[in-house]
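Structure, as structure tokens:
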Amino acid sequence: MGGNHSHKPPVFDENEEVNFDHFQILRAIGKGSFGKVCIVQKRDTKKMYAMKYMNKQKCIERDEVRNVFRELQIMQGLEHPFLVNLWYSFQDEEDMFMVVDLLLGGDLRYHLQQNVHFTEGAVKLYICELALALEYLQRFHIIHRDIKPDNILLDEHAPEVFQVYVDGGPGYSYPVDWWSLGVTAYELLRGWRPYEIHSATPIDEILNMFEVERVHYSSTWCKGMVALLKKLLTKDPESRLSSLGDVQSAPYLSDMNWDAVFEKALTPGFVPNKGRLNCDPTFELEEMILESKPLHKKKKRLAKNRSKDGTKDGCPLNGHLQQSLETVRKEFIIFNREKLRRQHGQSSQLVDTEGRAGSQTQGKLQDGRNNNILAHACSRGCSS
């Protein structure tokens, strides 16, 4: 997908807003209902990222613009080792772009489908790492509501939580994410979920399932792991483990060095194959062959469209759509974490002062005080 290779490094004004031209498109790696993801390389720094791009017109037609803006608003205020962090956001006439951490290890759903067997040791470490991420989100009054293998990506060291972070709806609070953590851990160990529930399963059937069915734990699992999963999968939210402190107090995790977990200093039980791209290869073919507006031809396409604007050849959009596109253009949130760091003289580890959850810093985390300059940017985007 990439092209226009040059041996001469490009020069960009550091005060210039980051835009599509600052990146070389390498290949497509995923897609959703209205957005796609590709691997990109920033032309000046040569750093690799994942770039999610969402077609404006499709977002308007599907009434998804508010959700995209909400995601941007929240993600710009977050940074943590176990979250897929936002680096840049920008737009052009066609698309909205989010440039985030690149993790080439694939998501946990992909590895489950490849029949990977996750050991108890590997899952134990995942539970700890994801618990740190959930505790961080919880301190910002954020409920994820979609913790599952599909949204947990791997690098060569550890998992990171991806996808939109949303506030809770009626009846939802923080325990729902810890329930999902238990379901995810169970599925990684066993290969299937503790309950057979699908999107089409009627709600009364689900409620009945919780009433009459018991979760079956493998006799091969150690007692400590079973006890921890039982506490995460407790049906009553009031009795469920639902905080980092709760999880840390579990006897099964008493030997964990939480500072080492935070620093990604522990050896993972599963390391993805570095010699392959851990995702479905059909994304690349679809982008190259089936996509009517392929990303790698965007520059020429936009130039052609702009040249038509002043001629009779252009196809005018209907008034409502045109007005909606103009509203999106005006209200889109532009973000540049790299520029923000330069302005505030921050190191590359912005979360070191308040994102660690080891015993020696737990007091600072609990009292709500922090020195993260990005925390203030999150105040409008998080529910309380």
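The conditions of being within 23 Å of N151 (Cα to Cα), assigned by TED's automatic domain parsing to the domain that holds R139 and of a type in the set (F, W, Y) are not met by W221.
Restricting attention to region 58-98, and to residues there that are acidic (D, E) and within 14 Å of the chain's Cα centre (by Cα), which single residue is farthest from W258 (Cα to Cα)? Among those that are acidic (D, E) and within 14 Å of the chain's Cα centre (by Cα), it is E71.
This table checks each residue for (1) among the aromatic types (F, W, Y); (2) under 23 Å from the mean Cα position of the chain (by Cα).
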position	(1), (2)
P175	no, yes
G182	no, yes
L189	no, yes
V212	no, no
K223	no, no
D255	no, no
W258	yes, yes
V261	no, yes
A265	no, yes
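Between D255, D204, the distinction of being farther than 26 Å from R109 by Cβ and part of a loop (DSSP other than H, G, I, E, B) belongs to D255 only. Among residues of region 1-50 being out of contact with any strand residue (DSSP E or B) (no Cβ under 9 Å at 6 or more places or on another chain) and of a type in the set (G, A, S), the one that is modelled with the highest pLDDT is S33. A search for C-beta distances below 7 Å between a residue of region 307-332 that is charged (D, E, K, R) and any residue that is at pLDDT below 90, counting only pairs 6+ apart in sequence or on different chains, returns K308/G314.
Yes/no per residue for (1) exposed (fewer than 11 other Cβ atoms within 10 Å of the Cβ); (2) more than 20 Å from L112 (Cβ to Cβ):
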| position | (1), (2) |
| --- | --- |
| S180 | no, no |
| A185 | no, no |
| P194 | no, no |
| I206 | no, yes |
| V212 | yes, yes |
| Y217 | no, no |
| C222 | no, yes |
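Residues that are in a strand (DSSP E or B), within 13 Å of the chain's Cα centre (by Cα) and modelled with pLDDT of 90 or more within region 124-173 comprise I152, L153, L154, listed in sequence order. Pairs are defined by a Cβ separation below 6 Å, a sequence spacing of at least 6 or placement on different chains, a first member in region 56-74 that is farther than 23 Å from V84 by Cβ, and a second member that is part of a helix (DSSP H, G or I) and of a type in the set (G, A, S); the pairs so defined are I60/S324.
The values are calculated or read from the model by the stated rules, or taken from the named source; none is laboratory data. These numbers were taken from a predicted model, which means no experiment stands behind them. Don't worry about glycine lacking a Cβ; one is built from the backbone with ideal geometry, like all the others, and counts go over all protein chains shown.
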